[in-house]
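Here's the structure we're looking at; comments come further down.
The values are calculated or read from the model by the stated rules, or taken from the named source; none is laboratory data. For clarity, every value in this text was computed on a predicted model and none was experimentally measured. Here the Cβ positions follow ideal geometry from the backbone for every residue, glycine too, while neighbour counts run over all protein chains shown. With ligands, DNA and RNA removed, areas are computed over all heavy atoms of the protein, side chains included. Shrake-Rupley method; radii C 1.70, N 1.55, O 1.52, S 1.80 Å.
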Amino acid sequence: MKSLLKYFILSGVAVLMSCGKKSEEDANTSYQDRADAYLSAYSAEYKKLYTASGEKSWNLNTKIVDGDTITQREYEEATNKLNHFTGSDANIDSIQNLLAIKEKLTTIQVRQLNQMLFMAGGNPAKAAEIVKALTKENATQTQVLFGFDFKIDGKSVTKNDINDVLTSSSKLTERLKAWNASKEVGVPLKKGLVQLRDLRNKSVQALGYDDFFSYQVSEFGMTREEMTAMTEGFIKEIWPLYRELHTWARYTLAKKYKQPVPEYLPAHWVTNQWGQDWTAMVSVEGLNIDDTLKKKSPEWIVKKGEEFYVSLGFDPLPKSFYEKSSLYPLPADATYKKNNHASAWHVDLDQDVRSLMSIQTNTEWWETTLHELGHIYYYQAYTRPEVPLVLRAGANRAFHEAIGTQIGLASLQKPLLENVKLIPPGTATNDTLKLLSDALQHIVVIPWGAGVMTQFEHDLYSKNLPETEFNKRWWELVKKYQGIVPPTDRDEKYCDACSKTHIIDDAAQYYDYSIAEILLFQFHEHIAKNILKQDVHATNYWGSKEAGAFLKQLTSPGATVDWREHLKATIGSEVSAKPLLNYFAPLMTWLQKENKGRRYTL
């Protein structure tokens, strides 16, 4: 690698000395040819190592056996090799030297180099021992998180069991036990989070980043101050609507549980263990497809999801997707566990796409499956020769989430459900309740994601939040942004933040989801109004090749484009919450009538 760099520099000097005989354009072409040679060599090695690491990570997440150290060791070895390559002094020096003459290179070359430098920032050779320790700690905490034995009344339960209680039980004692059980995993994870925080900060500081939060934000081309200002802006814009939803929820749940109306929502009252999704509070007459889906199989849900994307003009999923994915819950007698968090995987940045899910035949998994397949089809859209390997990603990270969640929204609109025969044609529905249900998902999640998660991780990494204040700060933020309080004393024995998967293994990126919520309504409004010519509340994407072409236009460039410029080029707008607020405008009027005379506490 060093010799390649020296050759590049010496050849560049020769080109400059001969500029009297060769045009500046020829000189730049020579630089670009040499940059291409380096980038090609880098990409070939990166793909090999990335694939090996991806395979071992897949094994670590899909077969968790208590006491198994071999799988973790194999993951650590493969990931350390990848980290050693991307963060090597030779590669960092080469990248920085090339970026020093970026005006002579093509835009796509500069984009690749910047992304490569960003990847190096997470594991620079200057901090080799730190990076190695971080890899080990990541693997250890992943096994603790996903191998944890949740218990209610001494009996082992799954995450799905806990979710079932929180979404359906009307007994507060039963709900409290389930909620408490969901948080117990935070106790063994707390010390590990301290280690992860310190190691993550030290690893990126070796390349000049202030902290890990700032490092992650930099991938958006923003500072941490700019990111938190933007996310706070989102909260400010939707706050009047969230305040109405919060008031409605306090009174509705108090009536359901036959309790006095609380000033703030007790955490075990709401229908999600983090309070990020309240959709289970309402059942939309005619649109509750649980009973219909119970007559189907989990396999039917996946196949119908694939059929949906094919109807838009996308290719069928490769055979290997079904052969290699882990799509369904483990049998009750399984001798191992797996990560229960739904995810999509691009294992080799090429044709090997997989999904990790635990699909059940209910409405939640219908939406989740179409969401995760959205990621898979995003992978496939930018897996083409025109998109270099290191730029096979979303225009920004939030674009990926926006596409998946947008399809999730569309998958539950009445015309599409009629189209796939999950509800009978002409089914009578309560459109206000449907809009309320949408808000309990898409509005409620913004203060959680842009507020609680973003501010906690900002303080964790940028302010080195003391371990003795983890839970105190967590619940301060939950109360401020969500208007939710713990049902019991949560002292510093606990780390309730740790019970959220992303805090441990997808750190300092949760604002992606909030940005995605804003973007998805921009994308959805564009499709509904400009392509389908349909009401934004009642669309049917199924079979629209023009809608599919628009989604391909959004996704196929990958990260070869600036996300702000790409947004303007595709929908003619900057990032804006206006389409989201327009979507829910009718609901705001209804909520204000419902809440008339009620006491607001936010």
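Would you rank THR369, THR51 by solvent-accessible area, highest first, keeping every protein chain in place and using a 1.4 Å probe?
Values: THR369 0, THR51 35 Å².
The ranking, largest first, comes out as THR51, THR369.
With a ≥ b ≥ c the root eigenvalues of the C-alpha gyration tensor of segment 475-602, is it rounded (a/c under 1.5), prolate (a/b larger than b/c) or oblate? Write out the running numbers ahead of the final one.
Working: a/c = 2.78, a/b = 1.43, b/c = 1.94.
Oblate is the answer for segment 475-602, as a/c is 1.5 or above yet b/c matches or exceeds a/b.
With label points built 7 Å along Cα→Cβ from the Cα atoms of LEU330 and LYS578, find their separation and express it in nm.
Output for this residue pair reads 5.0 nm.
With a 1.4 Å probe and every protein chain kept in, tell me what percent of the accessible surface of segment 25-123 is carbon plus sulfur. Each step should come with its number before you reach the end.
Details: 2100 of 4410 Å².
Carbon and sulfur: 48 percent of the exposed surface of segment 25-123.
Could you let me know the centre-to-centre spacing of segment 114-149 and segment 182-207, using Cα atoms, in angstrom?
If you average the Cα positions of each part, the centres end up 10 Å apart.
So how much accessible area does HIS526 have, in Å² to the nearest 10, using a 1.4 Å probe?
Answer for HIS526: close to 40 Å² accessible.
State to the nearest 20 debye the size of the charge dipole of the chain about its Cα centre, where the only charges are +1 on K and R beta carbons and -1 on D and E beta carbons. Spell out each step's value before the answer.
On the way: 71 positive and 74 negative charges, 161 e Å.
Dipole about the Cα centre, nearest 20: 780 debye.
Could you report the chain's accessible area per residue, 1.4 Å probe, as an integer in Å²?
Values: 24870 Å² over 602 residues.
With the other protein chains kept in place, the chain gives 41 Å² per residue.
Once you have the Cα-Cα distance between TYR251 and GLU546, take 0.36 nm times their residue separation minus that, and quote the gain in nm to one decimal. Mind dumping the intermediate values first?
Numbers: separation 295, 0.36 × 295 = 106.20 nm, distance 4.42 nm.
101.8 nm is the gain from fully extending TYR251 to GLU546.
With r as the distance between the Cβ atoms of LYS596 and GLN534 and R0 = 30 Å, compute the FRET efficiency 1/(1 + (r/R0)^6) and round to 0.05. Please report the intermediate quantities before stating the final value.
On the way: r = 33 Å, r/R0 = 1.09.
Between GLN534 and LYS596 the formula returns 0.40.
Would you mind pulling out the separation of the Cα centroids of segment 328-355 and segment 457-478, in Å?
A separation of 32 Å, based on Cα centres.
Express the carbon and sulfur contribution to the solvent-accessible surface of segment 291-429 as a percent, rounded to the nearest whole number, probe 1.4 angstrom. List each step's numbers first, then the result.
On the way: 2710 of 5220 Å².
Looking at segment 291-429 in its full context, I get 52 percent from C and S.
Mark the label point 7 Å from the Cα of GLU418 along Cα→Cβ and return the residues of segment 525-569 whose backbone N is within less than 14 Å of it.
Only 534-535, 537-542 pass the distance filter.
Find how much the distance from ASP149 to GLU263 grows on full extension, using 0.36 nm per residue of separation minus their present alpha carbon separation; answer in nm with one decimal. Kindly include the intermediate steps, with their values, before the conclusion.
Details: separation 114, 0.36 × 114 = 41.04 nm, distance 3.41 nm.
Contour length minus the Cα-Cα distance gives 37.6 nm.
Return the lysines within reach of LYS151: Cα separation strictly under 23 angstrom, same-chain partners fewer than 8 residues apart disregarded; answer none if there are no such residues.
Of all the lysines, those that pass the test against LYS151 - Cα under 23 Å, at least 8 places apart if same chain - are LYS63, LYS159, LYS171, LYS177, LYS183, LYS190, LYS191, LYS337, LYS338, LYS493, LYS500.
Quick check on segment 291-429: take the gyration tensor over C-alpha atoms, sort the square-rooted eigenvalues as a ≥ b ≥ c, and tell me if it's rounded (a/c under 1.5), prolate or oblate.
On the way: a/c = 2.05, a/b = 1.25, b/c = 1.63.
Oblate.
Cα centroid distance between segment 383-452 and segment 499-542, in Å?
Rounded to whole Å, the Cα centres lie 5 Å apart.
Would you please name the chymotrypsin sites (Phe, Trp or Tyr not before Pro) within segment 334-368 that are DSSP coil residues with at most 14 other C-beta atoms within 10 Å of their C-beta? Spell out each step's value before the answer.
Numbers: sites: TYR336, TRP345, TRP365, TRP366; in loops: TYR336.
Passing sites in segment 334-368 are TYR336.
Based on DSSP H runs of at least 4 residues, each adding -39500 (n - 2.57), what is the mean residue ellipticity at 222 nm of the chain after dividing by all its residues, to the nearest 500 deg cm²/dmol? Mind showing how you got there, number by number?
Values: 26 runs with 350 residues, N = 602.
Estimated from H runs of four or more residues: -18500 deg cm²/dmol.
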